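Each reported figure results from applying straightforward, stated rules to the coordinates on display, with no laboratory input. In this text the structure is predicted, and so the values were computed from the model without any measurement. Every residue, glycine among them, receives a Cβ derived from its backbone with ideal geometry; neighbour counts consider all protein chains shown.
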């Protein structure tokens, strides 16, 4: 069991190195790269959009309710923005796209393997890693960060809409609050992680697909295996990828103030409440004052 | 008449895990001949072909093609061998996402065979050679089993190989189509002068196209000779094998 695991890891590392070598060996198969970008990236926008907007809305709804007893409902937007940009945007996008695209890659390559099409590519003097693996790997490493950016935007927008309805803020206030909260480092953290997730999805899907045996039944098993392995890898690697990425780097206060993004500065100024005051609380008791929270104006 | 030895297996061993397929395979392929390899299912006949062009690596022994040792070659080094030794896969292995013309052009493009116009001409030429003119724009899914085999054969001969390996070219086809494929193998032999290695279970194919017969039995080549020699061989398994469907059904025949 453990031996098989390490053998798989070794083969995946070898496959990665072979694909990387092909990346620097012209002439490049640009048409194949674009086709995979379209299939894996462009065609995944709708699933990403739906996942992100509903995640943002649900988060906002839950935080608005949960923060209300502490009088901190105004901070709903901040929490939603940080949660989506740093974690849920990249992770949920990767899980969804991994399920959709990863399963597709494995099913396609697995079918080719069991019908000897991959052997035929080799027998005809071509390199299956160059033809099949590299385009998929590039597509996912490029497409997933872009999809994550879209998920961040859409998720935050969904969060703002629900915060507007639940807490009573204006759209402008919601946007300003999120822009103030999210730092460049937070964005880079999420996007950087998603590039790794893209790599994991593509390399696992391709490796499982190319090693498929056992006819159509084998293709089914391989596809399931890819979905399970990519999901677990994304969730586990998310934990390990979190500390070293730029999200934990501190921007210099001067640089951060210059950018007007100051996520890690000593306490940003309290958000200015909107012109129209927030909806009155559904509960009659006055909100408790949180330690360190902004004084009520 | 068959000429010099161009491919040779010497004491080749191959196993998949604990399943030993070959434990000392010795076989020679001579220029211009049609060698047919027969044997029971799962005995490793296709493995033999795949080892010759490096699709599978032998565990031990020596395999040479045109004087070059194949067993230690890298994928890049194998490209030259694979351009001289082409293989027709059992199911055709046509690329589903491509048209017939794109399938046939695939090796031509890979080897920068000529201009696009020359490649188009070559596609038309090889399709006519396999009696399949006018199907250039069709997808493999629109073709019958026999048509797929013929298109795959057209792709195999597009690069003008010196040796063609046929992996069960007639399996799953009706008797008329089997005869047509057998005729094609003979015609290519005559017109192109290629060396053919045919793996098959079909005794019609054996007696139609074969110059020399090899039997894979108990992890090695147990017999080589002409079909007539096979009929009169004192090895009972081989005699029953070459009788095809007319043989006896003995449980102790293994």
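With the calculation restricted to Cα positions, what are the radius of gyration and Dmax of the stretch A:30-241 in angstrom?
Reported Rg and Dmax, both Å: 19.9, 70.
Over the alpha-carbon set of the stretch A:1-118, divide Rg by the Kirkwood Rh and report the Rg/Rh ratio to two decimals.
Working: Rg = 20.8 Å, Rh = 18.1 Å.
In the stretch A:1-118, Rg relative to Rh is 1.15.
Need one number: convex hull volume per residue for the stretch A:144-243, Cα atoms only, in Å³.
Dividing the Cα hull volume of the stretch A:144-243 by its residue count gives 126 Å³.
Using a Gaussian network model on chain B with a 10 Å cutoff between Cα atoms, which of B:62, B:144, B:196 fluctuates the most?
Looking only at B:62, B:144, B:196, the biggest GNM fluctuation is shown by B:144.
Compute the convex hull volume of the Cα atoms of the protein assembly as shown, divide it by the residue count, and report the result per residue in Å³ as a whole number.
Expressed per residue, the convex hull around the Cα atoms of the protein assembly as shown is 205 Å³.
Would you calculate a helix-derived [θ] at 222 nm for chain B, using -39,500 (n - 2.57) for each DSSP H run of n ≥ 4 and dividing by the full residue count, to the nearest 500?
Result for chain B: -11000 deg cm²/dmol, rounded to the nearest 500.
Write down Rg/Rh for the stretch B:139-240, rounded to two decimals, with Rg from the C-alpha atoms and Rh from the Kirkwood relation over Cα pairs.
In the stretch B:139-240, Rg relative to Rh is 1.00.
List B:181, B:104 from most exposed to least, where exposure is judged by having the fewest other Cβ atoms within 10 Å.
Fewest-to-most Cβ neighbours within 10 Å comes out as B:181, B:104.
Compute and list, largest first, the equivalent-ellipsoid semi-axes of the stretch B:5-246 from the alpha carbon gyration tensor, each √(5λ) rounded to a whole angstrom.
Numbers: eigenvalues 173, 96, 47 Å².
Semi-axes (√(5λ), whole Å): 29, 22, 15.
Compute and list, largest first, the equivalent-ellipsoid semi-axes of the stretch B:97-179 from the alpha carbon gyration tensor, each √(5λ) rounded to a whole angstrom.
Calculated on Cα positions only, the semi-axes equal 22, 15, 11 Å.
Looking at the P(r) of the stretch B:30-74, how many percent of alpha-carbon pairs lie beyond 15 Å?
Values: 504 of 990 pairs.
That tail contains 51 percent of the Cα-Cα pairs.
For the residues A:206, B:7, what sequence is obtained by ranking on other C-beta atoms within 10 Å, fewest first?
Result, fewest neighbours first: B:7, A:206.
Determine the percent antiparallel among the DSSP beta bridges restricted to chain B, to the nearest 5.
55
Looking only at B:201, B:220, B:111, which one moves most when chain B is put into a Gaussian network model with springs between Cα atoms under 10 Å?
B:111
Across all directions of projection, what mean area in square nanometres is found for the Cα convex hull of the stretch A:68-157?
Result: 7.2 nm².
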